[in-house]
Structure formats: structure tokens, C-alpha cells
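Written below as C-alpha cells is the structure these notes are about.
Here, each number is a calculation from the coordinates, and none is a lab measurement. What you are looking at is a predicted structure, and each value in this text was computed from that prediction instead of being measured. Cβ: placed from backbone, ideal geometry, glycine included. Neighbour counts: every protein chain shown.
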Amino acid sequence: MKNWQATICGFVAGAVINLGLVTVGMSVFPLPEGTDASNMDEIRKLMPTLPAGNFVFPLLGHALGTLIGATVAAKLAAHGPLRRALIVGGIFLLGGIAMIINCSGPTWFIVTDLLLAYFPMAFLGSTLGMKLRPSA
């Protein structure tokens, strides 16, 4: 598979995992009754009042989405699996930064998310992906 295809497949796989976990999290830790989740102003005002539980699934989604996406990209890459995994991690990092700019969140979440959920998971994913590659 060509490298750009491996990167896209990794991104799509990671995005599905991320969205799935965030969606499950909304069921486990719902927003207060009457909250319009599509209204960013309302979400920004609500963020400081949310308990820590509301941030567990987004953090898991970001970390596991990046891990799975990077693993898939590294496994499928024709060459340079680490580079493909890190590109997927970088794409997810940009999405995380955009999310923080738009929604904010508690400091512990922002620091943990930015420092642990992206490049460390992308590196781990590249290692897993390389182990899953067929041996020559």
C-alpha cells in the first residue's frame, strides 16, 4: 500500500475509535439536561462546571484513537512506518489543539491530553504496527 493511503487509513481508523469513545462517554457521563451540545458558546460556559468524569472518555478517545490510527498507518506503510504513525499523531494533535481553543477544559485535562494522548501514542502505535507487519 502506498504511504499516503496508509496514512489516510490510519487517520480514518483513529477517527472512528475517537468518535466512538466520545459518543459512549456522552452516554456514561451525559451533559446537564437541556444542554445544546452543538452550541459552542454554551459548551464553553459549561466546561468549568463539569466533573472530571466528563473528560475521561474524550481523553481515552484522543489517546486510543491516535494509538490505533498510528498502528494502522505503520502496519500498512510501504516504508517509513514511524513517519506515517507520527503524521497521524500530528493530525490528531492539531485536532486536539483546535478542540482546546474552541472548548477549553480543565488544566489537568489540557496538559494530559496534549502531552500524553498524541505523540507518545503515535510512537507506541508505530512500534505495534511494525510488530504486526509481515516479516520479509
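Taking the inverse of the mean 1/r over every pair of distinct Cα atoms in the chain gives a Kirkwood hydrodynamic radius of 15.3 Å.
Can you list, largest first and rounded to whole Å, the semi-axes you get for region 73-114 by taking the square root of 5 times each eigenvalue of its Cα gyration tensor?
Numbers: eigenvalues 156, 18, 6 Å².
In descending order, the three semi-axes are 28, 9, 6 Å.
Sorting 122-131, 85-94 by their mean Cβ neighbour count within 10 Å, with the most densely packed peptide first, gives 85-94, 122-131. Count Lys and Arg as plus one, Asp and Glu as minus one, and take only other residues whose Cβ is under 14 Å from that of Thr7; the net charge is then +4. If you average the alpha carbon positions of region 82-136 and of region 4-75, how far apart do those two centres end up, in angstrom? Between the Cα centres of region 82-136 and region 4-75 lies a distance of 13 Å.
Note on Lys131: lysines with a C-alpha under 17 Å away, same-chain residues under 8 apart excluded, are Lys75. Each Cα pair under 8 Å and six or more residues apart adds its sequence gap; the mean of these over the residue count of the chain is a relative contact order of 34 percent.
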